[in-house]
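K.L.:
Can you keep this structure in mind? I'll have questions shortly.
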Amino acid sequence: MSRKVEFDTVAAVDLGSNSFHMIVAQLDHDQIQVIDRLRERVALAEGLDENDRLKPKVQERAFECLKRFGQRLAHMPRGSVRVVGTNTLRRTRDARAFLTRAKELLGHPIEVISGREEARLIYVGVTHARADDARRKLVVDIGGGSTECILGQGTEPIETDSLQMGCVGYTLEFFEDGEITRERMRQAQIAAGLELASIARRYKRLGWETCLGSSGTIVACEEMMRLAGWSSGGITVKGLRKMRKALLEAGHYEKLQLPALQADRAPVLAGGVAILCAIFKSLEIEVLQASPGALREGVLHDLLGRIRHEDVRDQTIRGFAMRYHVDLEQAGRVERTALALFTQARESWDLQGPEFERALTWAARLHEIGLSIAYSGHHKHGAYIAANADMPGFSRQDQQLLSTLIGNHRRKPTRESFASLAPDAEESALRVCVLLRLAVRLNRSRNPRPLAPLRFSVRKTNLRLEFSGRWFEAHPLSRADLEEEIDNLRELGFELTVK
């Protein structure tokens with residue numbers, strides 16, 4: 001059962017390697033009604049230099065687009081907008097500076113998502129865009145910098161893969177000067193076939209009953225084939241051959257004469273068609289139907305789930321707790337204590353947004369996942385898992401924050417490890433980590449009886465922890481732990497007083 005939502009309008013922004021997209025929708029009785037769309041070709045992938053840094057000219061082009069998007073989003077409250085970055089922002093080495101400026105222009109934080117998370121969200125967008133059935137589906141999305149392939153049953157993905165080939169990247173590699181020759185097309189298809197070799201056998205063994213495609217290349221190709229009379233429905237092998245032939249006969253993207261071919265699609269069409277041809281050959285596809293749903297629709301529906309407290313990240317945390325055999329009772333004790341401390345510190349430490357309360361909850365539930373590897377250094381093992389595992393629903397920033405909290409929940413913390421977080425999140429993350437550390441210390445004995453009531457007050461970096469009655473004197477291990485913690489927290493710049 002869905003719960004009452006906090007917003008009547010929501011938006012999703014997709015900072016893709018080729019185009020930036022925005023979709024705005026109203027919520028009406030559990031239905032999403034799209035009220036506005038914006039799309040601009042930014043060609044972010046064209047701006048990566050040999051060191052994977054974004055060139056100033058392309059950054060400025062992106063910022064100009066984001067200024068316009070930002071005006072449309074200016075009145076929308078925090079939490080009603082979700083912004084995701086994909087392949088190019090995963091690759092770029094200076095993403096932090098770019099994302100800081102982009103956030104200022106949009107007025108909302110930006111999540112850089114992994115390739116697998118991108119694939120999952122694409123599947124969500126595609127399945128929500130059609131009357132779903134129980135048939136197994138292959139979903140393909142050719143983006144500017146990567147291609148996502150997903151096998152799913154109903155609304156649930158089974159396999160998700162992100163391959164390093166996209167229409168912008170392949171255009172730069174094989175058709176940079178705009179010329180389209182038979183040999184260049186052959187080389188591009190061979191390269192795409194090699195990328196697909198890693199998944200082709202697995203996907204064909206699992207099989208599917210229907211094949212769907214999303215995003216610009218596939219949607220544009222289907223429309224052009226239909227209007228040219230090469231296909232009566234969907235992208236077919238025959239229609240794809242005719243499109244490839246038309247590209248070769250033109251010899252240059254500026255000479256292309258295809259119905260409904262948009263000017264900003266023409267420069268990257270050859271790269272996209274080469275990838276599409278390789279997909280059809282490697283996966284032995286006969287026909288592929290274009291879907292109106294794509295990544296941005298998936299982001300929108302995923303955001304709606306979060307608003308309704310149906311967050312897929314909660315499911316992921318539960319799954320990890322089971323996979324790594326977490327002591328759920330101990331995790332629950334640490335979580336309850338941590339949230340009790342959080343409640344008392346929230347206002348003074350300005351932890352008003354939901355993101356840090358969620359991060360504290362998730363970190364408490366998973367702080368011991370490293371024990372499944374070894375007791376020695378289990379906080380480091382846990383941090384590695386959180387940073388590198390495939391965690392559906394989590395952005396890279398989510399995982400980095402979770403990893404940092406888990407990695408610093410015991411032993412001597414290092415302030416330097418927080419420097420990798422976004423500048424506006426670093427101080428709040430430090431404060432959340434202090435709460436987690438105290439909760440772990442106070443529950444070290446794993447006593448099933450609840451802790452005695454405690455008072456926790458903060459004033460900037462000065463902390464005061466007070467226990468009722470004689471609890472402190474009656475628990476010498478906790479007393480010794482907290483005395484040691486006073487020194488540890490001093491390393492982070494905090495002064496703890498215990499009474």
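K.L.:
Which one is farthest from Thr155 (Cα to Cα) among residues in region 241-266 that are in contact with a strand residue (DSSP E or B) (Cβ under 9 Å, 6 or more places away or on another chain) and assigned to a helix (DSSP H, G or I)?
P.N.:
Of everything passing the filter in region 241-266, Tyr253 is farthest from Thr155 (Cα to Cα).
K.L.:
Considering only residues that are of a type in the set (Phe, Trp, Tyr) and open to solvent by less than 30 Å² (accessible area, probe 1.4 Å), look in region 175-227 and name the one that is farthest from Arg296 (Cα to Cα). Before you say what the answer is, go through the steps one by one.
P.N.:
Within region 175-227, the subset of a type in the set (Phe, Trp, Tyr) is 175, 203, 208.
Those still in the list that are open to solvent by less than 30 Å² (accessible area, probe 1.4 Å) too: 175, 203.
Working: Phe175: 28, Tyr203: 25 Å.
Applying the filter and picking the extreme gives Phe175.
Yes or no, residue by residue, for (1) of a type in the set (D, E, K, R); (2) out of contact with any strand residue (DSSP E or B) (no Cβ under 6 Å at 6 or more places or on another chain); (3) closer than 29 Å to Glu104 by Cβ:
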position	(1), (2), (3)
Arg411	yes, yes, no
Ser428	no, yes, yes
Cys433	no, yes, yes
Arg437	yes, yes, no
Asn447	no, yes, no
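K.L.:
Another question, then. Going by the structure shown, is Ala102 open to solvent by 50 Å² or more (accessible area, probe 1.4 Å) and either under 30 Å from Ala425 (Cα atoms) or at pLDDT 95 or above (or both)?
P.N.:
Answer is no for this residue.
K.L.:
From Arg37, Arg68, Arg93, which residue is in contact (Cβ under 8 Å) with a residue 40 or more places away in the chain and basic (Lys, Arg)?
P.N.:
Arg93
K.L.:
Considering only residues of region 282-301 that are within 20 Å of Val312 (Cβ to Cβ) and among the aliphatic types (A, V, I, L, M), which is surrounded by the fewest Cβ atoms within 10 Å (Cβ to Cβ)?
P.N.:
Initially, region 282-301 is screened for residues within 20 Å of Val312 (Cβ to Cβ), giving 293-301.
Going one step further and asking which of them are among the aliphatic types (A, V, I, L, M), we end up with 294-295, 299-300.
Values: Ala294: 27, Leu295: 28, Val299: 28, Leu300: 25.
So, considering only residues that are within 20 Å of Val312 (Cβ to Cβ) and among the aliphatic types (A, V, I, L, M), the one surrounded by the fewest Cβ atoms within 10 Å (Cβ to Cβ) is Leu300.
K.L.:
Still on this structure, please answer the following. I want to confirm something. Restricting to region 145-171 and keeping residues that are of a type outside the set (A, V, I, L, M, F, W, C) and farther than 20 Å from Ala197 by Cα, which single residue is surrounded by the fewest Cβ atoms within 10 Å (Cβ to Cβ)?
P.N.:
Ranking the qualifying residues of region 145-171, first place goes to Glu156.
One line per residue, one yes/no per condition, for (1) in contact (Cβ under 8 Å) with a residue 12 or more places away in the chain; (2) open to solvent by less than 30 Å² (accessible area, probe 1.4 Å); (3) of a type in the set (Asp, Glu); (4) in a loop (DSSP other than H, G, I, E, B):
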site	(1), (2), (3), (4)
Leu303	yes, yes, no, no
Gln315	yes, no, no, no
Phe320	yes, yes, no, no
Val326	yes, yes, no, yes
Arg333	yes, yes, no, no
Ala338	yes, yes, no, no
Phe342	yes, yes, no, no
Ala363	yes, yes, no, no
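K.L.:
Which of the residues belonging to region 389-405 are closer than 23 Å to Asp350 by Cβ, in contact with a strand residue (DSSP E or B) (Cβ under 8 Å, 6 or more places away or on another chain) and in a helix (DSSP H, G or I)? Spell out the reasoning first.
P.N.:
Let us first name the residues in region 389-405 that are closer than 23 Å to Asp350 by Cβ, namely 395, 397-398, 400-402, 404-405.
Still in the list and also in contact with a strand residue (DSSP E or B) (Cβ under 8 Å, 6 or more places away or on another chain): 395, 397-398.
Scanning region 389-405 gives Gln397, Asp398.
K.L.:
Right, next: Answer yes or no: is there a residue in region 386-405 that is touching a Cys at 6+ places or on another chain (Cβ under 6 Å) and open to solvent by less than 10 Å² (accessible area, probe 1.4 Å). Steps first, please.
P.N.:
In the first step, residues of region 386-405 are kept if they are touching a Cys at 6+ places or on another chain (Cβ under 6 Å); the result is 405.
In the following step, the residues that additionally are open to solvent by less than 10 Å² (accessible area, probe 1.4 Å) were identified as 405.
Yes, because at least one residue in region 386-405 is touching a Cys at 6+ places or on another chain (Cβ under 6 Å) and open to solvent by less than 10 Å² (accessible area, probe 1.4 Å).
K.L.:
When only residues in region 50-82 that are assigned to a loop (DSSP other than H, G, I, E, B) and basic (Lys, Arg) count, which is surrounded by the most Cβ atoms within 10 Å (Cβ to Cβ)?
P.N.:
Here is the first cut: in region 50-82, the ones assigned to a loop (DSSP other than H, G, I, E, B) are 50-53, 55, 74-80.
Within this subset, residues satisfying the condition of being basic (Lys, Arg) are 53, 55, 78.
Numbers: Arg53: 17, Lys55: 12, Arg78: 12.
Checking each candidate, the answer is Arg53.
K.L.:
Looking at this structure, is Ala102 free of Cβ contacts under 8 Å to residues at least 60 places away in the same chain, small (Gly, Ala, Ser) and assigned to a helix (DSSP H, G or I)?
P.N.:
On the way: free of Cβ contacts under 8 Å to residues at least 60 places away in the same chain: no; small (Gly, Ala, Ser): yes; assigned to a helix (DSSP H, G or I): yes.
So Ala102 does not fit the description; no.
The values are calculated or read from the model by the stated rules, or taken from the named source; none is laboratory data. No experiment lies behind these values; they were computed from the predicted model shown. Here the Cβ is made from the backbone with ideal geometry for all residues, glycine too, and neighbour counts use every protein chain on show. Ligands, DNA and RNA are excluded from the accessible area calculation, which covers all protein heavy atoms including side chains. Shrake-Rupley method; radii C 1.70, N 1.55, O 1.52, S 1.80 Å.
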